[in-house]
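Here's the structure we're looking at; comments come further down.
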Amino acid sequence: MSDRAGFARGEKGSRLLIRAGRVVDPAQGLDRVCDVLVEGGRIARVGEVGDVPAEVRIDARGLVVTPGWIDMHVHLREPGFEEKETIRTGAAAAAAGGITAVACMPNTSPPIDTEATVEYVLLQAERAGFARVYPVGTITRGRAGETLSEMGRLRRAGAVAFSDDGAPVPTAGLMRRALEYARMFDAPIISHCEDKTLCEGGAMHEGGVSMRLGLPGIPSSGEDVMVQRDIDLARVTGGRLHIAHVSTAGAVEALRRAKALGVRVTAEATPHHLTLTDACVEGYDANFKMYPPLRAPADIAALREGLLDGTIDAVATDHAPHTIQEKEAQFADAPVGVVGLETLLGIVCEEFLHAGLLDWTGIVRRVSCAPARILGVPGGTLASGSPADVTVIDPEAAWVVDPAAFRSMGRNTPFAGRRLRGRAVVTLVGGRVVYRDDRGR
Amino acid sequence: MTWNAKDLLGIEELTAGEIGTILDTAESFSEVTLRSVKKVPALRGKIVVNLFYEPSTRTQHSFSLAAKSLSAEVQPFSVASSSTTKGETLLDTARNLQATGADIIILRHPASGSARHLARALTASVINAGDGAHEHPTQALVDLFTLRRRFGRIAGLRVAIVGDVLHSRVARSNLWGLLRLGAQVVLVGPSTLVPREFENLGVEIHHDIDRELERCDAFNFLRIQTERQAAGLFPSLREYTAMFGMNATRARRLKPGAVIMHPGPVNRGVELTAEVADGPRSVILEQAAHGLAVRMAVLFLVSGHAPQGQGSDSAVQGASSPATTHNERS
C-alpha cells in the first residue's frame, strides 16, 4: 500500500545526508547526536556516517531529527469543498508543519465511500507531492448512518481506516456490525462520539460559561455515553476501536478502564482540547468553535494526564478549514472546526516539551509511532530500510502564529497571535525535501 | 460617574457606577416624557437605525419613540424586504448602514453575541436590543429603574426571576444588574429551565415558588415559550402554571409592598392570571412607561454625551425648560 499512498519516491540511488542532529527514534531506543543517511528514498543508515558524498546535505547541528510526524485526523475538503481546502494546499500545509503523512476524513462530497473516491484522493495527493495522504473510508454508505459501506473494496483501494467523522454512528446495532466487519481487515473504526439527542443544537460546552453567554450547550455526557457504548461494543466484538478527538474527563476515565481490561481501543486528542478551555468562547469568536467544543479546566487536566500516562495514544489536529466568510458569521451560525496542521508542532513543543511534561521520546511516540501503529501505515521509525519520512526540528525557534502566512487555505486557528517555540526546519517525504524553512539559517 | 462606551452590549460588563449613570440620566429624561412637547434636541442630526432580525413591536416602538424624543432621525430597516433575504450577512448589512450614515444601530438578533460581533466591526454605536439568549440590557435597565422608583434603592432587595431562565436574555441582564447593585437574586423555575450552573454566578436557585412568596420584594416573571414544552423541557403548560404561575391565592401571601413584574408580552393564564396582571401588585404598565426614558438615556449616553460634573442634569441641557436634577445615586 505504501507506494499507493500518494508520495513521490526519491530518485533511485540519490543520496541525502542529515549531519549531526539529535536523532530521536523510540522504536530503536535512540536519542543521540548522529547522522542519518538516506538512499533511494529510504533510510540507509543512522549513526556516524561521516563525510560521504550526497546530493543534498542538511546541517542539523542544534536540531532534532525525528521520524516524520503523522496527523491521523484531518479534513482536506476535496472533493466537494475546494473553497475551504484542497488536497494540494492541505498536504502543503502538513509539510510546512513538519507532518509527513495525514489521514483524511471522508466527510467530503461525495464522501469517500467508493473505490473511485479513494483513488481520486490518492491521485490528487500524488500530484501534489507534499505529505502522504491516507484516505479514511466511511463506515456507512453516504455517511448516512444506515448501512455499512463496502469496506472490503475501500480497503483494497487504499483506505486505512473507517469513520463517519463529523457524525456519530447513530445506533449501537450498526456500530456493533461495523466493528465486527472491520475486524476481518484489522482496520480501526474511528468513532466520532456524540449522542445527537444530547448535543443537537449546541454551540459550545455546556457549563457556567455557556449559561452566561446564552449559547446553547453541548454537555460532556453527550460524548461520555457514546465513548462508553463504543468501548462496550469493542469489548464484545473484538473489533479495533479508535476514539477521535477525546475531550472530556469522563471519556478519559472510560478509556483508562477499558485499556486496563484489555479492550482494543486507542484514542487521540487535539492540541486545542489539550490547551484551551471554554472560557475562550467569551468573545463569541467562531475560531473557538469546533466539535467537540472546548471544555472546562478539569477536562483539560484529565486530557493532559491521559496523554502523559498513555491512555490517550496520539495527538491529532482535526484540521478543519473553513472560509473566512463562514467563520465571520455569528457564533451560533458558524460551522464547527479549526485548522491545526501548521501549529501542531509548535503547540506540542511549547506546551509539552518546553513545559517539561514530555521529553523528545515521549513526543515522538505520540505524534509518529502511535499514529503509524494505529493506522497500520509505514513510518514512526528511522530504522534502516523504512521510507525516509523525516522531520527536522528547531526546538528553540521562536515564532508567532500568523494565519495569513498559512499554506492552508483555512485561516480559522484558535492560536492566532500565540508566541511559540519549535518549528519544522526540513520535512522529508520518501527522501525528498517537501518543505524547507530557511529563515535565520 | 462617567460614561465612555460607544456601545451598550450587555449589563455584565457594566459597573454599578455605570448602571447608576444610566438610571440617573433616565430620571432626567422621565421629566421630558411628561411634558406636553416631549422632545429635546440632544440627538438632532443623528441617524438611528432599528435593525431587527426578530419581530418585536414593543422594544422597537420604544426605541423609535426614544430616538424621536431626542430629535434623532429614525430609520427602520426592514430585514424581511432587504438584501438579507438574498443572503447578505449581518456584518455586511450593518457595514452598509454605517457607510450610509448611521450613527447608532439598534440590533435585535436571534444569535447570542451578535451585538458584540457588530460592535467590534463598526465605528457606529451599537445598542443591543436582545441577542439570542444572551442579554437584553435595556429591558433590565427598565426593570431596575422601576424597582428603584418603587423602593428607592436596589441594594438589599430580594428579587425572584421566575421561569425559563435558561433561554432568557431578560433573566441574564436582570441577574447582572441586580447583583451589581447589591440585590439578592433568586431564580425560580423547573430544574430543566434553571440549570444548577447558574449557582456559580452568585444567585440562589429554588424550584418551589411558594417558599419564596413571603420572602421576596419583587417577582419578575419571564414569558414562557410554548416551543420549550414541545422540546420536552417541561411536561405541560398546565403543570408549569400550577407549579410556577402567579395567581390570586399566591399573590395574597406576598409581603406588603412586594411587586409583580413581567417584561411582556404576558401569556395570561400561564405566567400570571389576568387578575394578578391587572391587580394592585402589578407594575407591568410602569415598566412599559419607563422604557421610553431609559432608552432615551441609553441613546443619549452612547452618542457621546457623557454627563459632565455631578448629577445628570446635563442630559437635558438645551431642552426648552430647565430640567430637574436627580442626585439620588451620584
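Estimate the FRET efficiency between B:R35 and B:R149 by the formula 1/(1 + (r/R0)^6), using the beta-carbon distance for r and 30 Å for R0, to the nearest 0.05.
According to the calculation, E is roughly 0.95.
Per residue, how large is the accessible surface of region A:6-141? Use a 1.4 angstrom probe and give square angstrom.
Roughly 35 Å² per residue, with all protein chains present.
Please list, in order along region A:56-63, the HN-Hα scalar couplings obtained from phi with the Karplus expression 6.51 cos²θ - 1.76 cosθ + 1.60 (θ = phi - 60°), rounded to whole Hz, x for Gly and Pro.
10, 10, 10, 7, 10, 4, x, 10
Put a dot 7 Å past each Cα toward the Cβ at A:R436 and A:S384; how far apart are the dots in nm?
Roughly 2.8 nm, to one decimal.
Stretch A:R32-A:L308 to full length: gain in nm at 0.36 nm per residue minus the Cα-Cα span?
97.1 nm
Calculate the FRET efficiency for A:E55 and A:E82 from the Cβ-Cβ distance with a Förster distance of 41 Å, rounded to the nearest 0.05.
Computed FRET efficiency for A:E55 and A:E82 comes out at 0.70.
Could you state how much accessible area is buried at the A-B interface, both sides summed, with a 1.4 Å probe, in Å² to the nearest 100?
1500 Å²
Counting Lys and Arg as +1 and Asp and Glu as -1, what is the net charge of the other residues whose Cβ lies under 9 Å from the Cβ of B:I47?
It works out to a net charge of -1.
Are there any residues in region A:317-355 with a reduction of at least 50 Å² in accessible surface when going from the isolated chain to the assembly of protein chains? Probe 1.4 Å, please list them by number.
Listed in order, they are A:E328, A:Q330.
Would you please give the residues with an amide H less than 5 Å from that of A:D318, counting only those at least 5 places away or on a separate chain, with H modeled from the backbone geometry?
A:H73
Spin-label point model (7 Å from Cα, Cβ direction): what's the B:E204 to B:R223 distance in nm?
The modelled label-to-label distance comes out at 2.9 nm.
Residues with amide H under 5 Å of A:A397's amide H, sequence separation 5 or more or different chain, H placed in the peptide plane at 1.01 Å from N; which?
A:G422, A:R423
Charges only on Cβ, +1 for Lys and Arg, -1 for Asp and Glu: so what's the dipole of region A:68-375 about the Cα centre, in debye to the nearest 20?
1000 debye
Can you list the residues in region A:176-216 whose accessible area drops by at least 20 Å² when all protein chains are present, compared with the chain alone? Use a 1.4 Å probe, heavy atoms only.
Listed by number, the residues meeting the 20 Å² cut-off are A:G208, A:M211, A:R212, A:L213, A:G214.
Please tell me which of these pairs span more than 32 angstrom C-alpha to C-alpha: A:K196/B:K6; A:K196/A:K259; A:K289/B:K6?
Long pairs (Cα-Cα over 32 Å): A:K196/B:K6.
Based on Cβ point charges of +1 for Lys and Arg and -1 for Asp and Glu, what charge dipole magnitude is obtained for the protein assembly as shown about its Cα centre, in debye rounded to the nearest 20?
Dipole magnitude for the protein assembly as shown comes out near 460 debye.
Which angle from 0 to 90°, rounded to the nearest 10, does the C-alpha axis of helix A:87-96 make with the longest principal axis of chain A?
Approximately 60 degrees, to the nearest ten.
If I take R0 = 35 Å and measure r between the Cβ atoms of B:K68 and A:A279 in this structure, what FRET efficiency does the formula 1/(1 + (r/R0)^6) give, to the nearest 0.05?
It comes out at approximately 0.25.
So between B:E275 and B:D92, what do we pick up on full extension, going 0.36 nm a residue minus the alpha carbon distance?
Residue separation times 0.36 nm, minus the Cα-Cα distance, leaves 61.2 nm.
Which trypsin sites (Lys or Arg not before Pro) in region B:1-86 sit in a loop by DSSP (not H, G, I, E or B) and have at most 12 other Cβ atoms within 10 Å of their own Cβ?
B:R44
About its Cα centre, how strong a charge dipole does chain B have in debye, to the nearest 20, once Lys and Arg get +1 and Asp and Glu get -1 at the Cβ?
That gives a dipole near 500 debye.
Counting helices only, and only those DSSP H runs with n ≥ 4, report the 222 nm mean residue ellipticity of the protein assembly as shown as the sum of -39,500 (n - 2.57) divided by its residues, in deg cm²/dmol to the nearest 500.
So the calculated ellipticity at 222 nm is -9000 deg cm²/dmol.
When the accessible area of the protein assembly as shown is split by element with a 1.4 Å probe, what percent falls to carbon and sulfur?
In the protein assembly as shown, the share of accessible area belonging to carbon and sulfur is 50 percent.
Express the accessible area of region A:163-281 per residue in Å², computed with a 1.4 Å probe while the remaining protein chains stay in the model.
Roughly 31 Å² per residue, with all protein chains present.
How far, in nm, would the chain grow between A:E119 and A:A144 when pulled straight, counting 0.36 nm per residue and subtracting the alpha carbon separation?
Gain on stretching A:E119 to A:A144: 6.9 nm.
The values are calculated or read from the model by the stated rules, or taken from the named source; none is laboratory data. Since this is a predicted model, take the numbers as computed values, not measurements. Heads up, the Cβs are rebuilt from the backbone with ideal geometry, glycines too, and the neighbour counts pull from every protein chain shown. For accessibility, only protein heavy atoms count, side chains too; no ligands or nucleic acids. Shrake-Rupley method; radii C 1.70, N 1.55, O 1.52, S 1.80 Å.
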